[in-house]
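In what follows, a structure is listed as structure tokens, so that the remarks can point back to it.
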Amino acid sequence: MIVMKFGGTSVGSTDAFAAVAQIVAQQAQAQRERPGLVVVTSAMSGVTNTLIHAAQAAAGGDEAPYREARNQLLVKHQVVAGQLIEDNVERANLGRLFDSRLREFERLCRSIAVLGELTPRGLDVVSGLGERLSAPLLAAVLRAHGLRAEFVDASELIITDDTFGSANPIWAETERRIQSRLLPMVQSGVIPVVTGFVGATEQGVPTTLGRGGSDYSAALIGAALGVDEVQIWTDVDGVMTADPRMVPNARSLPELTYEEMAELAYYGAKVLHPKTVTPALECQIPLRVLNTFNPAHPGTRIVMRSQTTSPGVKAITAIRDVGLITVAGRGMIGVPGIAARTFASVAREAVNVLMISQSSSEQSICFVVPQADSPQVVDALQEEFRQELERHLIDSVGSVEQIVVIAVVGSGMRGTPGIAARVFNALGALDINVVAIAQGASEANISLVVSEADAVQAVRAIHDAFQLGGA
Ligand code: ADP
Ligand code: ASP
Ligand code: MG
């Protein structure tokens with residue numbers, strides 16, 4: 001059995017939908033002896049952003065964006081239906097469905113405008129609507145291509161806690177629901193077409209898994225069904241040595257380990273949602289990243305152990321919109337518990353720490369958090385260390401913005417000397433200042449902080465230093 005997930009650009013236009021239908025039809029044909037296919041889809045590209053911006057504008061009292069979005073989204077989906085679905089009944093049914101979903105969107109935005117407030121719970125209802133439009137559309141397009149496909153809303157399958165905006169699946173219940181709902185369909189030769197990104201609490205309140213979370217949906221479904229492979233169909237030839245938008249000569253990687261992929265995704269390689277690797281790894285399900293617009297390309301396989309031993313660095317990634325927090329002071333030397341108190345405070349704010357570095361003299365601890373959380377963390381730490389600040393044991397608690405974390409990733413770095421030297425030589429040659437450095441104990445990653453202005457040049461320089469680019 002195989003799960004095929006199609007991202008936003010893969011369902012971004014009529015041509016893209018047609019390409020997806022062809023890819024699915026080919027897979028179904030290859031499996032005709034033993035059918036076993038589940039499709040997961042994102043919203044059409046740009047739709048989730050449109051929905052979110054409209055809801056935010058409504059909360060600020062501006063009702064024009066949601067009215068405009070309603071019409072724009074109706075047209076966007078209807079154009080695809082009009083061009084790819086000939087059956088009048090199917091088209092009429094879809095038209096009614098689009099209309100009812102978009103009326104719901106309008107009603108929600110109107111209430112948000114009346115209340116003047118957008119709660120995380122409300123935002124999840126709105127932002128999940130894109131998948132609830134694209135998945136029934138894709139199911140109908142597949143039927144128009146002669147396949148037996150049926151739409152399934154993942155709020156029936158993926159049961160989560162109520163951490164709106166980034167909900168955590170409750171695994172036992174999710175696994176049970178996925179199996180009991182999808183297995184009978186698959187066994188009778190039907191292809192379920194499931195909404196990515198969305199889930200619901202046990203009480204049925206809609207949630208989402210976080211931006212880009214459709215990859216995670218696919219991995220959860222794949223793990224629950226114990227499939228042979230989860231395929232992530234996107235708009236590039238697999239996972240590359242760097243973001244091709246930043247490094248034009250980036251190359252596609254034939255194979256990566258789960259560990260390497262997890263590092264890359266965690267440090268901002270948008271091609272896979274960071275949580276995707278966990279269920280796949282736990283159930284040992286291979287992941288494959290493929291290109292909808294170049295389906296003949298073998299893409300990237302993500303596996304437990306790499307068959308090809310490539311020493312050293314595999315890929316470089318950069319994560320933006322982060323802040324570097326520093327707790328510094330000569331009085332910290334030898335005072336136990338500063339680090340523990342620092343990170344306990346950060347944990348109380350429920351903020352994710354991306355990287356930590358402490359100088360050996362213990363004069364400073366610095367760590368990286370998402371930029372949006374940085375003011376809140378600084379406030380919390382100033383409160384925590386009020387006495388130490390007054391007594392000048394700690395000189396300052398502050399943050400540096402407009403920085404970027406660059407991660408140099410590869411399991412083969414382990415035990416290969418000289419990697420760090422090459423990284424820093426490459427940056428030194430360009431006079432790029434490194435603000436902080438950290439290396440994970442796994443030695444599969446060196447991360448460093450540089451200023452935002454140097455980021456692109458730094459990533460390209462490291463990429464070149466390890467000759468990662470194509471010819
Ligand atoms: P989808 O809509 O299919 O989920 P995304 O936009 O979320 O696609 O992810 C694909 C994009 O990720 C690519 O177009 C590319 O610009 C970006 N990307 C960032 N880092 C990498 C990388 N190391 N390899 C491949 N793509 C990357
Ligand atoms: N549509 C959602 C988003 O834009 C989820 C996804 O595309 O994976 O974040
Ligand atoms: Mg994505």
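Taken together, the values in this text are just the output of simple stated rules run on the coordinates, not laboratory data. Keep in mind it's a predicted model, so treat the numbers as computed, not measured. With ideal geometry, Cβ positions are generated from the backbone for all residues, glycine too; neighbour counts draw on all protein chains shown.
Working only within the stretch 377-387, note down all residues that are of a type in the set (A, V, I, L, M, F, W, C), part of a helix (DSSP H, G or I) and touching a strand residue (DSSP E or B) at 6+ places or on another chain (Cβ under 7 Å).
377, 378, 381
Is one or more of the residues making up the stretch 202-225 within 16 Å of ligand 2 (Cβ to nearest atom), farther than 21 Å from residue 282 by Cα, part of a loop (DSSP other than H, G, I, E, B) and of a type in the set (Lys, Arg)?
Taking every residue of the stretch 202-225 in turn, at least one turns out to be within 16 Å of ligand 2 (Cβ to nearest atom), farther than 21 Å from residue 282 by Cα, part of a loop (DSSP other than H, G, I, E, B) and of a type in the set (Lys, Arg).
Could you please tell me which pairs satisfy a Cβ distance under 8 Å, a separation of 6+ or placement on different chains, a first residue in the stretch 262-281 that is under 18 Å from residue 304 (Cβ atoms) and more than 15 Å from ligand 3 (Cβ to nearest atom), and a second residue that is assigned to a helix (DSSP H, G or I) and not aliphatic (A, V, I, L, M)?
Every condition considered, the pairs that remain are 262/274; 262/278; 279/216; 279/222; 280/222; 280/258; 281/258.
Any chance you could count how many residues in the stretch 1-14 are surrounded by fewer than 20 Cβ atoms within 10 Å (Cβ to Cβ), within 15 Å of ligand 1 (Cβ to nearest atom) and more than 16 Å from the chain's Cα centre (by Cα)?
Residues flagged as surrounded by fewer than 20 Cβ atoms within 10 Å (Cβ to Cβ), within 15 Å of ligand 1 (Cβ to nearest atom) and more than 16 Å from the chain's Cα centre (by Cα) within the stretch 1-14 amount to 1.
Conditions tested, residue by residue: (1) more than 30 Å from residue 19 (Cβ to Cβ); (2) under 21 Å from the mean Cα position of the chain (by Cα); (3) away from ligand 1 (no atom under 16 Å from the Cβ); (4) crowded, with 23+ Cβ neighbours inside 10 Å.
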position	(1), (2), (3), (4)
187	no, no, yes, no
213	no, yes, no, yes
220	no, yes, no, yes
242	no, yes, no, yes
247	no, yes, no, no
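I'm checking my understanding of the structure. Among residues of the stretch 44-91 that are crowded, with 16+ Cβ neighbours inside 10 Å and of a type in the set (Asp, Glu), which one is nearest to the chain's Cα centre (by Cα)?
63
Do we find a residue being buried (at least 16 other Cβ atoms within 10 Å of the Cβ) and under 25 Å from residue 433 (Cα atoms) anywhere in the stretch 381-393?
No.
Please work out which residue is nearest to ligand 2 (Cβ to nearest atom), limiting yourself to the stretch 32-58 and to residues that are closer than 19 Å to residue 152 by Cβ, part of a loop (DSSP other than H, G, I, E, B) and of a type outside the set (Ser, Thr, Tyr).
Per the criteria, the residue is 43.
Can you spot a residue in the stretch 236-249 that is in a loop (DSSP other than H, G, I, E, B), more than 24 Å from residue 318 (Cβ to Cβ), in contact (Cβ under 8 Å) with a residue 12 or more places away in the chain and within 13 Å of ligand 3 (Cβ to nearest atom)? Before the answer, list the steps.
Taking the stretch 236-249 and keeping what is in a loop (DSSP other than H, G, I, E, B), we get 236-239, 241-249.
The next check asks that each one be more than 24 Å from residue 318 (Cβ to Cβ); those that pass are none.
No, the stretch 236-249 contains no residue that is in a loop (DSSP other than H, G, I, E, B), more than 24 Å from residue 318 (Cβ to Cβ), in contact (Cβ under 8 Å) with a residue 12 or more places away in the chain and within 13 Å of ligand 3 (Cβ to nearest atom).
Does the stretch 105-117 contain at least one residue that is assigned to a helix (DSSP H, G or I) and under 16 Å from residue 11 (Cβ atoms)? Before the answer, list the steps.
Our first condition is that a residue be assigned to a helix (DSSP H, G or I); within the stretch 105-117, this holds for 105-115.
From the residues that got through so far, the ones that are under 16 Å from residue 11 (Cβ atoms) too are none.
Looking through the stretch 105-117, none of the residues is assigned to a helix (DSSP H, G or I) and under 16 Å from residue 11 (Cβ atoms).
Condition first: under 25 Å from the mean Cα position of the chain (by Cα) and part of a helix (DSSP H, G or I). Can you find one or more residues in the stretch 388-405 that meet it?
The answer is no; no qualifying residue exists.
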